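The structure appears below as structure tokens.
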Amino acid sequence: NPKALRPQPGDRFAYLSGENKDKPVMAADIKIGDPPRLAYPVDPATETIRSGSRVNQVLLIRTDPSALTPATAPRAAGGIVAYSAICTHNGCPITLLDGDNRSVVCTCHGSRFDLADNGAILTGPATRRLAGLPVAVADGFVTVAGAFTGALGAATSQ
Ligand code: FES
């Protein structure tokens with residue numbers, strides 16, 4: 001089932017909700033300080049949106065490229081980093097950028113993850129970092145450049 005496949009190299013992204021739902025995520029639209037963009041991978045050949053699996057939800061932000069740690073920089077593109085959007089605590093989608101413009105907050109129970117440092121946990125109750133997803137930019141589209149770099153989904157509810 002191509003809708004439930006994990007992100008594949010060369011996939012683009014489509015917004016998951018909001019006024020741009022199903023529209024492509026363009027690199028130029030993601031600015032430092034913007035809220036996380038939640039998106040699903042899309043097969044560009046068939047335009048299949050890979051929404052058949054909830055753990056395919058990805059969040060994208062742009063950070064200061066000079067702030068990225070050595071673990072993170074090789075899989076970023078112009079400061080754009082991508083991670084699983086599913087909180088590792090109990091599976092809520094992560095929707096809030098912290099004031100430092102590099103970490104995100106899960107509004108369910110307050111876990112914070114540093115997206116400039118490989119999804120590291122800054123504040124619990126989460127006990128597992130967020131899985132990263134390597135990205136690139138091609139023809140202005142944000143694209144997938146590799147597989148998720150860690151375990152997906154909630155640590156406690158599956
Ligand atoms: Fe995210 Fe609990 S589900 S902190």
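Condition first: within 16 Å of the ligand (Cβ to nearest atom), over 24 Å from residue 8 (Cα atoms) and of a type in the set (A, V, I, L, M). Can you find one or more residues in region 90-97 that meet it? Walk me through it before giving the result.
Quick first cut of region 90-97, residues within 16 Å of the ligand (Cβ to nearest atom) only: 90-97.
Remaining after also requiring over 24 Å from residue 8 (Cα atoms): 90, 96-97.
Then drop every residue that is not of a type in the set (A, V, I, L, M), which leaves 96-97.
Yes: region 90-97 contains one or more residues that are within 16 Å of the ligand (Cβ to nearest atom), over 24 Å from residue 8 (Cα atoms) and of a type in the set (A, V, I, L, M).
Would you check which residues across region 16-33 are part of a loop (DSSP other than H, G, I, E, B) and either within 14 Å of residue 82 (Cβ to Cβ) or touching a His at 6+ places or on another chain (Cβ under 8 Å) (or both) and list them?
Once the filter is applied, which keeps residues that are part of a loop (DSSP other than H, G, I, E, B) and either within 14 Å of residue 82 (Cβ to Cβ) or touching a His at 6+ places or on another chain (Cβ under 8 Å) (or both), region 16-33 yields 16, 25, 30.
Has region 109-116 got at least one residue that is part of a strand (DSSP E or B) and within 11 Å of the ligand (Cβ to nearest atom)?
For region 109-116, residues part of a strand (DSSP E or B) and within 11 Å of the ligand (Cβ to nearest atom): present.
Being of a type in the set (A, V, I, L, M, F, W, C), at pLDDT 95 or above, surrounded by 20 or more Cβ atoms within 10 Å (Cβ to Cβ) and outside any helix (DSSP H, G or I) is the requirement here; does residue 137 meet it?
no
Which members of region 128-145 meet the condition of being out of contact with any strand residue (DSSP E or B) (no Cβ under 7 Å at 6 or more places or on another chain) and within 16 Å of the ligand (Cβ to nearest atom)?
128 - this is the single residue of region 128-145 that is out of contact with any strand residue (DSSP E or B) (no Cβ under 7 Å at 6 or more places or on another chain) and within 16 Å of the ligand (Cβ to nearest atom).
Here is a list: 73, 85. Which entry is buried (at least 23 other Cβ atoms within 10 Å of the Cβ) and either at pLDDT 95 or above or within 21 Å of residue 152 (Cα to Cα) (or both)?
None of the others qualify; the one that does is 85.
Quick check: is even one residue across region 35-44 out of contact with any Lys or Arg (no Cβ under 9 Å at 6 or more places or on another chain) and in a loop (DSSP other than H, G, I, E, B)?
Yes: region 35-44 contains one or more residues that are out of contact with any Lys or Arg (no Cβ under 9 Å at 6 or more places or on another chain) and in a loop (DSSP other than H, G, I, E, B).
The values are calculated or read from the model by the stated rules, or taken from the named source; none is laboratory data. These numbers were taken from a predicted model, which means no experiment stands behind them. So basically every Cβ, Gly included, is an ideal-geometry build from the backbone, and we count neighbours across all protein chains shown.
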